[in-house]
């Protein structure tokens, strides 16, 4: 009897210790340690894919709020934070401004990592050209991020290196708007020169033509009108036709966007959070074929909804930059340079005819058939009709300086407040909120 | 204790032949001293002869074959004081009738302290509150943590919502953590169990109550370990307190069967008074008129406003209906009183039913005892299609193998189904829609289908109740304890425990709901959560002279593995087919994670002459959740107690029966809440079907546990024949190295960083007072009051930066967790003169300021927000701390009256001094914007009604009247009659006549009334279920029901 308890005791003790001894040795199973990413060519590639994924997350929101802040769309739903964007009474705590900020800086940090770390990866067969390609694509995305931020918020902190420690070193002050633009231009110029005239219509990754097209856009914002024209011509002369999308983000029902969800009515798979304004509906000429592109009435009850993105499973691709925009950039730049209405109209009429509208009459023997204001209005109208829901309207109104009169808001309201969370956490921003907030 | 007796009985059996020479016997009847009732099953033991018997159905016992001599006789019975006497037995029968004194407050009972140990209450040196079955039985609840509400001083429990089987917040002595868990550790029969919701499918903010799988009827006692001396033995999991649940075990003797049935009805009668359709239409006309046309003098009567508005909007090709999206305005605008109203709350609230059936059997012989039970619980909620069902079974078995070894097991298996509704912060929430949806839209179309039009951004709440959200949880919790006596004073215990929960959730939103439109939407998730535990424990027990030493040492390993598979499907052919197989589009995913804990711990209790008591504990925990630089933590504690009442100088002080002073100090921890939060991580993503990696988390190899240092001083007093028992505890808890996913500038690419930064302090006082007020032969009145106050303060944060949380909560140094940070208001601007006067007075002080800077966009009828910092400008810097969700006092008050067989028990539970932020008011208190409004809006400001405190109607609301402000903060204090029970217990005579061992009939009402002054739906509310820092917000949570139930308990 005596030995039985000894045997049982010993065996149980042995079993318990054997079972338990490595219990604290656990590893995550759906994440990898950050130190292992930038060590191989595959790591570099998947990290870049991560950047595109991050851009995929933010672009639909960017377009929604650019549109909502503009005069073509109005808030129809229940989110008070959307209502504030629409009515231009945002507070620094507004969740939508905050989230755009967060999403873009997430993307910026990803691209900063790629740009800094990929060139140093030492792997047999991973060539400098391959590395340069990856870095160039990351720079296109970084430039896009800063361009959105600078247009919404004005001067913003501008980290260009990957975050390595979360201490006082990350407290960056705001960088002046001009310096942010200079960095955007540098990123896109670097990308354009690395990638050359690469790319074709419908590209889903940043290409050389994407970089040049974006340089044209940036030049317009900076008032470098000749550059804007030259960059646009580079792209349009490289086999890109009027109806082409130069760079777009693809979505699928598994990897979907919410653009259609927020626009569709309740009961038709959406939540009707925003819709077109009456002013917008009235902009369309009855002959304009874009009416049916930009607007729809899914349950035929007479209430129109925004319609550019209409697949309820979120499968619509979202354009980043198109050939039509380049034509309209050229038209605006030519107008600003005083190159004569014929030159201006030459870039407007192809767009009008493609939409089923009559071309603007232009008698080659008569100068000044149109005032500059008429031409600018026509350009803005075509941008509203052609580039609707593609992230332009609010910025267009600000670029030409008419947002204040359009909405009856003070000039300071044309910039959104720096999100309160960063005002609170970044002492370098203290006392440097945008005025009026 | 029972086991000790049984062991001696066993020894007697082995030694039985020795009794052959005995000749005398001892017999008698055991009765209750106060009532004279006979006591069945009392133990009578004769120490020297190693004999134990129990009394029979008549309270009679007999011990025969006793050798002549003098014996110490001891009589014990649960709930009574131990009786001892000396008896001399000769050659004949000696009669010894015993009257036992009731032990009202369990001063003699044992208290479970964890790791298989229990200790006489009198010898406890730390702060432990024991709640026994008799206190738990008076409340009917679906889970053990809900039962504890109001029962233990310093344990604040909030039912976050009234959802059947829904989440619950339990805080022992305040909140010690910001981003880690603040939940206490739950240990059931020695196995630390998971109380997480584990729910994968969101229905708003509320989760599931992880403990609702346990049948409360199986519980023998719940011990709440509160101070560091008690909880340090649980080391890195002890900082939030520990709740030890002990289930019932069998005892030797005739099989006892208990059967219980309860049937209840519940309802809700505190609906918010909303506007009817006519009032609603008028409000919109007023609001839009004010925005576009009101110039300060043209208000006119309603009809002129309506006509003017029609004319104005007509100029843009619009109507009031098309502009607002509420077509009923066009139909009924000229005579709003004709508009039919749908009372959406009436449509979704109904009567709920509760049924519970319990059966248990217990018994056994001297070597094997069992307790087994089965339970069926069914609750249909007060809202359509909300419910909770549980089926559970238990087997508790104890077996003595031989004089050296015994083994015991506790096995529980249960299956529970929670039918949840979408609620809280959720556009598809049933309650959200029942309150905010337009009253002008009908619930049903003429053909009986759900109406989905005319609801603006909202859903038809009645249709929304048809969204299926079923969570089926099957759970096994079990353990085996194997005890071996190695030496006279040394024994070993091997404990293996296992807790597995399988949670299967199915959601299907039918095509006719907004959520499921256009063709159905389904999500299905299966989560498996497994925890195993192995422990080796050495127990040492030695008494010599006046010294008593009792020590344990434990080696413990625990591992948890969790995995989940989720699939979703959209576009179904018909709503009848709801499995994901039938969907046109499907997606899926899987996830797995794990954690482990390796621990070494020990405890020594030393007692000197029953006067001086010392307890020392220590635990070393190594956790996989700690960063690489901090592998393990040490958590020591010490406590001393002085039983003054056992000192010679206290002798003869008859008033004081017991007096004990306690003092304790110790360190406990709270390990990081998530697995792998210390690692820098990249997670998998996809872009156009190509796999990628994205950073998800910034590394912190220094991440470790939160460390709480707690000091406790307490007094236990029993007075006047133990008819007054008081326990007072004062404590101070300082928590450092707070784990904070601290917000970092988003410009880093990260929004938060898991790090040990910040401190919190909790200071509090707890009082438990139990009294027997009246005691006569037939009548007993006893009371029990517990009341606690806790002061919470955040004492440091990273660079002392405050941050926002929830809707209006903020975490800031010098403030409590749960404070509200918002604008202050001073009523509304009643007239333009008032505004002008204020503007010019400010301009007098601060030249150059514009009216816009001074009052914003305010016009008469807007909220007058206060320039708190006095700089003349009204902006975000004028926000201030305007309330707190932390109560000043919490507690419970129970009164029990017994007259003959009748028993009346009234249990009040209260929370005093906490504020509620009614975020829902930002919606129903914005008059004329996309929602229906509460009836308070009928008294809104208008040029005809300037003497009011309710803001005007305005679609645009340029002044942002609904911004976070004290306009939406209310006193959330309440006293609630949590339960009122009237019962009748049949007496022995009656029982004999009907042949039953016991019979009890009862009626019980829960939440019968509440004293409160809160205008929202439910005063006990917490929309951010489980959040430590977003407390006290009301946002369309499922409310508590009032219920009345009838039941019967039968003993066979």
_Restricting the range B:500-521 to residues that are more than 14 Å from chain A (Cβ to nearest Cβ) and in contact (Cβ under 8 Å) with a residue 60 or more places away in the chain, the residue that is farthest from residue B:457 (Cα to Cα)_ = B:501
*Which residues, counting only those in the range B:853-903, are on the phi > 0 side of the Ramachandran plot and surrounded by fewer than 20 Cβ atoms within 10 Å (Cβ to Cβ)?*
B:856, B:870, B:872, B:900
*When only residues in the range A:25-47 that are facing another protein chain (nearest Cβ under 7 Å) and crowded, with 21+ Cβ neighbours inside 10 Å count, which is nearest to residue B:496 (Cα to Cα)?*
A:37
*In this structure, is residue B:824 closer than 25 Å to residue B:1020 by Cα, touching a helix residue (DSSP H, G or I) at 6+ places or on another chain (Cβ under 6 Å) and touching a residue at least 12 places away in the same chain (Cβ under 8 Å)?*
yes
*Quick one: how many residues across the range B:555-613 are more than 13 Å from chain A (Cβ to nearest Cβ), surrounded by fewer than 18 Cβ atoms within 10 Å (Cβ to Cβ), touching a strand residue (DSSP E or B) at 6+ places or on another chain (Cβ under 9 Å) and assigned to a loop (DSSP other than H, G, I, E, B)?*
5
*Going by the structure shown, is residue B:259 touching a strand residue (DSSP E or B) at 6+ places or on another chain (Cβ under 7 Å), outside the structural domain of residue B:152 (by TED's automatic domain parsing), modelled with pLDDT of 90 or more and under 30 Å from residue B:384 (Cα atoms)?*
no
*Mind checking whether some residue in the range B:532-551 is more than 11 Å from chain A (Cβ to nearest Cβ) and surrounded by 21 or more Cβ atoms within 10 Å (Cβ to Cβ)?*
no
*Just for the range A:162-202: of the residues that are within 14 Å of chain B (Cβ to nearest Cβ), over 21 Å from the mean Cα position of the chain (by Cα) and in a loop (DSSP other than H, G, I, E, B), which one is nearest to residue A:133 (Cα to Cα)?*
A:163
*Quick check, is residue B:459 surrounded by fewer than 18 Cβ atoms within 10 Å (Cβ to Cβ), within 30 Å of residue A:75 (Cα to Cα), within 11 Å of another protein chain (Cβ to nearest Cβ) and in contact (Cβ under 8 Å) with a residue 12 or more places away in the chain?*
no
_Cβ contacts < 6 Å: first residue more than 17 Å from residue B:537 (Cα to Cα), restricted to the range A:3-25; second residue modelled with pLDDT of 80 or more, any location; separation 6+ or different chain. Result?_
A:23/B:557; A:23/B:559; A:23/B:596; A:23/B:598; A:24/B:596; A:24/B:598; A:24/B:622; A:24/B:624
*Looking only at strands (runs of 3 or more DSSP E) that fall completely inside the range B:862-930, which ones have 2 or more residues that are at pLDDT below 90 and not assigned by TED's automatic domain parsing to the domain that holds residue B:291?*
B:889-899, B:902-912
_Single unsatisfied condition, residue A:337 versus (1) modelled with pLDDT of 95 or more; (2) in contact with a helix residue (DSSP H, G or I) (Cβ under 9 Å, 6 or more places away or on another chain); (3) surrounded by 15 or more Cβ atoms within 10 Å (Cβ to Cβ)_ = (3)
_Odd one out for residue A:71, checked against (1) more than 9 Å from chain B (Cβ to nearest Cβ); (2) over 30 Å from residue B:632 (Cα atoms); (3) outside any loop (DSSP other than H, G, I, E, B)_ = (3)
*Please enumerate the residues belonging to the range B:386-403 that are surrounded by fewer than 19 Cβ atoms within 10 Å (Cβ to Cβ) and in contact with a helix residue (DSSP H, G or I) (Cβ under 8 Å, 6 or more places away or on another chain).*
B:403
*Scanning for something assigned to a strand (DSSP E or B) and farther than 27 Å from residue B:155 by Cβ, does the range B:813-822 turn up at least one residue?*
yes
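Every residue, every condition in (1) modelled with pLDDT of 90 or more; (2) in contact with a strand residue (DSSP E or B) (Cβ under 7 Å, 6 or more places away or on another chain); (3) within 14 Å of chain A (Cβ to nearest Cβ), yes or no:
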residue: B:312; (1), (2), (3): yes, no, yes
residue: B:315; (1), (2), (3): no, no, yes
residue: B:318; (1), (2), (3): no, no, yes
residue: B:324; (1), (2), (3): no, no, yes
residue: B:329; (1), (2), (3): yes, no, no
residue: B:332; (1), (2), (3): yes, no, no
residue: B:338; (1), (2), (3): yes, no, no
residue: B:343; (1), (2), (3): yes, no, no
residue: B:349; (1), (2), (3): no, yes, no
*Quick one: would you say residue B:88 is assigned to a loop (DSSP other than H, G, I, E, B) and modelled with pLDDT of 75 or more?*
no
*Is the range B:276-294 home to any residue that is touching a residue at least 12 places away in the same chain (Cβ under 8 Å) and touching a strand residue (DSSP E or B) at 6+ places or on another chain (Cβ under 7 Å)?*
yes
*Would you check if residue A:140 is farther than 30 Å from residue A:437 by Cα and surrounded by 24 or more Cβ atoms within 10 Å (Cβ to Cβ)?*
yes
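Rundown of residues vs (1) at pLDDT below 70; (2) in contact with a strand residue (DSSP E or B) (Cβ under 9 Å, 6 or more places away or on another chain), yes/no style:
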| site | (1), (2) |
| --- | --- |
| B:7 | yes, yes |
| B:11 | yes, no |
| B:38 | no, yes |
| B:54 | no, yes |
| B:58 | no, yes |
| B:78 | no, no |
| B:97 | no, yes |
*Could you count how many residues in the range A:85-124 are in a helix (DSSP H, G or I) and farther than 30 Å from residue A:393 by Cα?*
8
_What's the number of the only condition in (1) touching a strand residue (DSSP E or B) at 6+ places or on another chain (Cβ under 8 Å); (2) within 12 Å of chain B (Cβ to nearest Cβ); (3) part of a helix (DSSP H, G or I) that residue A:81 fails to meet?_
(1)
*Kindly provide the set of residues from the range B:432-456 that are within 13 Å of chain A (Cβ to nearest Cβ) and outside any loop (DSSP other than H, G, I, E, B), ordered by number.*
B:432, B:433, B:435, B:436, B:450
*Name the single residue, out of those in the range B:695-719 being over 30 Å from the mean Cα position of the chain (by Cα) and more than 14 Å from chain A (Cβ to nearest Cβ), that is nearest to residue B:762 (Cα to Cα).*
B:718
*Selection within the range B:678-694 - surrounded by 23 or more Cβ atoms within 10 Å (Cβ to Cβ) and more than 7 Å from chain A (Cβ to nearest Cβ)*: B:678
*Looking at this structure, is residue B:808 closer than 28 Å to residue B:948 by Cβ and within 12 Å of chain A (Cβ to nearest Cβ)?*
yes
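The values are calculated or read from the model by the stated rules, or taken from the named source; none is laboratory data. Quick caveat: nothing in here was measured; it's all calculated off a predicted structure. Don't worry about glycine lacking a Cβ; one is built from the backbone with ideal geometry, like all the others, and counts go over all protein chains shown.
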